[in-house]
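Comments concern the structure below.
Please treat every number below as a calculation from the coordinates, not as lab data. These figures come from a predicted structure and were not determined experimentally. Ideal geometry is used to build each Cβ from the backbone, glycine not excepted, and the neighbour counts take in all protein chains shown.
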Amino acid sequence: MEMIFGAWDWAIMVATMVASVAIGLYFRFSGGRQKTNEEYLLADRNMSVFPVAVSLMASFMSAITLLGVSAENYYYGMQFVAINLSYGIATPIATRLYLPVFFGLQKTSTYEYLELRFGPRIRLLASLTYTLQMVLYNGIVLYAPAIVLESVTGLDRLVSILVVGLACTFYSTLGGMKAVLFTDLLQSFLMFAAVFSVVIFGVIQIGGFGKFIEAAREGGRLDFSNISIDPTERTTWWSLNIGGLITYLSLYAVNHTQVQRLLTVSTLSRSQWCLWWSWPVLSVLSVTTCLSGLVIYVVYKDCDPYAAGKITAIDQLMPYYVVDAMQAFPGLAGLFVAGIFSASLSTISAACNALAAVTLTDYVSRWRSIRPSIIPWLTKLAACAYGLVFLALAFLAQYLGGVLQASLTIFGAVGGPLLGVFTLGMFTTYANERGVSISLLTGMALTLWMNFGGPRPAPVKLPVSVESCAANVTLPVADHGDYFYLYRVSYLWTSPIGFLWVLIIGSVLSLAWRQQQPWERDGKTHPDPALFTPPLARILKKRIEKEKSVMQCQLLTSEDCN
């Protein structure tokens, strides 16, 4: 692709970086100057709802997501947009059943809950799993937009990785959680601007919204009728809503990165409002990104860029469109690239802060006594170290080949089993550490096998055309070979399968293989209600109160008791 960046484009990109660094410097030298871990990791728990709600959305809407979702709708149709319904179903579940437990405990690390409920081994296992998945994923998150910048600007990808990675590490290390939240706010605005610019420009180029819808319908991209229960079909109403529900809960109900943000406000009701407001923000960006893929399809419906060999991967569709169609308008390319990089900056900065919290709380503080005065400095050092690790992985990513897809697969495959662990802990009193640990390990082995095993069939795309391409192009023939069943199951079912596996195997093993619970080791007959979801906690409280009243009654005379 040719270089199309002009002065306006570079100005927008530079302004984005400078603003992000400036926010980090501001919070480093304002307020409490990030001198305590409470301020550095949890923003003194006094943040307002809106920036936290937007940050919740931005934390996992990376450049990979924006580029991937647009390509998904281009090649597989608009049915993917139905996943937003599952987010609406999952939000009240997360706010009412999971969040009150974490907010009531007020722990720095989400995985501290697992030690209180089960024991130290499962806490260490879960936190190590989380650390590995976040480190691998964020190395790729930093690498992916560098390819976009190289395509659109001609700037070497290694230079862009270095500039963006160091800027992100700098402001997230200096400014802590407050800097992360407010830069997320700025970067979310740029993400919206980038995607909206593609949609609006494309609809104008096509000749209006009516022509756009008609062309998309004729191309088979507006078919929402797939209600098949066959799990091998890529996207159906069942896979999108069930898979989307479990994926959302694994990210927004129990993932440490999100829970840490939800603890930065002062009350439970405000924390719940953060989740409620993040849902429409997330859905608007998701729907707009889906529309962007549809717009690009209509523009290239007679000459598919991938089939014509103009791009080497379907994720390059959106940057290709920007280069091909928007270069005549100064600033639009810069706005697009700033938005794509902002998506990655918000994800990486969130990860630096969250991983620093886990490292100090789950690893260092548990095994070594540390003077309170140096804990904030160690936390900042950990955040900086993770930023540099992401940089190193991003530099190595171009040589890793298939590991790129592998790291993204790990991110999805681990979420369902981890959600199952927290669900067993909060919704049952019988689950024990031994049963849950085995179910987590075997559940992750199953989901990773499903995603890594092969040979596996290529997904079947909707028809594309090459009629108007300058050169003669032959469309690839669909592969109808016979493959092992689990390798044909849609990626949307991975998290639900892992989730159900942990629930079932963890329950069976816990009931069959009895183990002393933490409260029994402490000589108590009942668990602490604070460790359980509110409906179960209310039942436990009533049971405890009833037993107390019976014991008090036994101390009285029978006449008084009556």
Please list, in order along region 364-374, the HN-Hα scalar couplings obtained from phi with the Karplus expression 6.51 cos²θ - 1.76 cosθ + 1.60 (θ = phi - 60°), rounded to whole Hz, x for Gly and Pro. 5, 5, 6, 10, 8, 6, 10, 4, x, 5, 9
Length added when fully stretched, R521-V460, from 0.36 nm per residue minus Cα-Cα: 16.5 nm
For every other residue with a beta carbon closer than 12 angstrom to the beta carbon of L378, add +1 if it is Lys or Arg and -1 if Asp or Glu, then tell me the sum. +3
Over the Cα atoms of the chain, how large are the radius of gyration and the largest Cα-Cα distance (Dmax), in Å? 25.1, 100
Could you please rank C168, C303, C553, placing first whichever residue has the fewest other Cβ atoms within 10 Å of its Cβ? C553, C303, C168
May I ask you to list the lysines whose Cα is less than 30 Å away from that of K178, ignoring any residue fewer than eight positions away on the same chain? K35, K107, K380
Quote the FRET efficiency, to the nearest 0.05, computed for Y430 versus M551 with a Förster distance R0 of 25 Å and r equal to the Cβ-Cβ distance. 0.55
What is the magnitude of the charge dipole of region 209-283 about its Cα centre, with +1 placed on the Cβ of each Lys and Arg, -1 on the Cβ of each Asp and Glu, and no other charges, expressed in debye to the nearest 20? 360
Report, in cubic angstrom per residue, the convex hull volume of the C-alpha atoms of region 141-215. 115
Bin width 10 Å, origin at 0, all Cα-Cα pairs of region 40-180: what percent of pairs per bin? 9, 25, 36, 24, 6, 0
Value at 222 nm in deg cm²/dmol, rounded to 500, when DSSP H runs of n ≥ 4 in the chain each add -39,500 (n - 2.57): -22500 deg cm²/dmol
Hey, can you rank 365-372, 127-134, 492-499, 14-21 by average C-beta count inside 10 Å, highest first? 492-499, 127-134, 14-21, 365-372
Are there chymotrypsin sites (Phe, Trp or Tyr not before Pro) in region 153-248 that DSSP marks as loop and that have at most 14 other Cβ atoms within 10 Å, and which are they? F224
Please list 3J(HN,Hα) in residue order for region 243-257, calculated via the Karplus relation 6.51 cos²θ - 1.76 cosθ + 1.60 where θ = phi - 60°; whole Hz, with x for glycine and proline. x, x, 4, 5, 5, 4, 5, 5, 8, 9, 9, 10, 6, 4, 4
Rg ratio (alpha-carbon, reference 2.2 N^0.38 Å) - region 63-125: 1.68
Percent of all Cα-Cα pairs per 10 Å bin for region 194-329, counting from 0 up to the last occupied bin, reads 10, 28, 30, 23, 9, 1
Using +1 at the Cβ of each Lys and Arg and -1 at the Cβ of each Asp and Glu in region 7-412, identify which of I83, M13, L245 lies farthest towards the dipole's positive end. L245
Straight-line reach only, C-alpha to C-alpha below 17 angstrom: list the lysines that K548 could link to, leaving out same-chain residues fewer than 8 apart. K524
Taking the Cα centre of the chain as origin, work out the dipole magnitude from +1 charges on Lys and Arg Cβ and -1 charges on Asp and Glu Cβ, in debye rounded to 20. 1680
With r as the distance between the Cβ atoms of L25 and L396 and R0 = 35 Å, compute the FRET efficiency 1/(1 + (r/R0)^6) and round to 0.05. 0.70
